[in-house]
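All remarks here apply to the structure that follows.
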Amino acid sequence: MPQFMLILHETPGDFAKLSPTEIQAIIERYGAWTMKVAAAGKLVGGHKLMENGGKVVAKAGDQLKLVDGPYSEAKEVVGGYFILRADDYDDVHQWIEGHPHLDFGRIEVREVDFMGQPES
């Protein structure tokens, strides 16, 4: 079955504006959504990423260059990801409905390319 990565985009610091009670409610919503998807056998994996935006490695001539990235100009970061098993984008769309991240940012959906290897 095809797999799709849900890439969670957000603006750094958005969660810092919330109260501990609001953050706990969001964590519970994430947990409930994750358990629902896992119980349906659709969840392959996923993790929250650090909010610092990470770095981008690019080749400049013969050397590698490490820069702030990848969305430093837009002040946006990838806050986390999930990988789901789904039949197609329409199937993924049904599972994303009600995802708590949509209250804070956007979710980019990309199909995983196994490059001729068996799906894991």
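The values are calculated or read from the model by the stated rules, or taken from the named source; none is laboratory data. None of the values given here were measured: they were computed from a predicted structure. Neighbour counts are summed over all protein chains in view; Cβ atoms, including those assigned to glycine, are modelled from backbone coordinates with ideal geometry.
Would you mention how many residues in segment 88-120 are of a type in the set (Lys, Arg) and within 17 Å of Met1 (Cβ to Cβ)?
1
What's the total number of residues in segment 62-79 that are in contact with a strand residue (DSSP E or B) (Cβ under 6 Å, 6 or more places away or on another chain) and either modelled with pLDDT of 90 or more or of a type in the set (Asp, Glu) (or both)?
1
Does Ile26 satisfy being part of a helix (DSSP H, G or I) and surrounded by 14 or more Cβ atoms within 10 Å (Cβ to Cβ)? Even if it seems obvious, please write down each step before you answer.
Numbers: part of a helix (DSSP H, G or I): yes; surrounded by 14 or more Cβ atoms within 10 Å (Cβ to Cβ): yes.
Answer is yes for this residue.
Can you tell me how many residues within segment 90-107 are within 16 Å of the chain's Cα centre (by Cα) and not in a loop (DSSP other than H, G, I, E, B)?
The initial filter retains those residues of segment 90-107 that are within 16 Å of the chain's Cα centre (by Cα), namely 92-93, 95-107.
If we keep only those that are not in a loop (DSSP other than H, G, I, E, B) too, we end up with 92-93, 95-96, 100-103, 106-107.
Here the count works out to 10.
Answer with yes or no whether Lys55 is without any contact (Cβ under 8 Å) to a residue 24 or more places away in the chain and touching a Gly at 6+ places or on another chain (Cβ under 9 Å).
Numbers: without any contact (Cβ under 8 Å) to a residue 24 or more places away in the chain: yes; touching a Gly at 6+ places or on another chain (Cβ under 9 Å): yes.
Yes.
Could you figure out which of (1) exposed (fewer than 13 other Cβ atoms within 10 Å of the Cβ); (2) at pLDDT below 85; (3) not in a strand (DSSP E or B) isn't true of Val57?
The failed condition is (3).
Select from segment 1-22 the residues that are in a helix (DSSP H, G or I) and modelled with pLDDT of 90 or more and list them in ascending order.
Pro20, Thr21, Glu22
Taking the stated definitions as given, is Gly45 over 26 Å from Val92 (Cα atoms) and either touching a residue at least 24 places away in the same chain (Cβ under 8 Å) or under 16 Å from the mean Cα position of the chain (by Cα) (or both)?
No: the conditions fail for Gly45.
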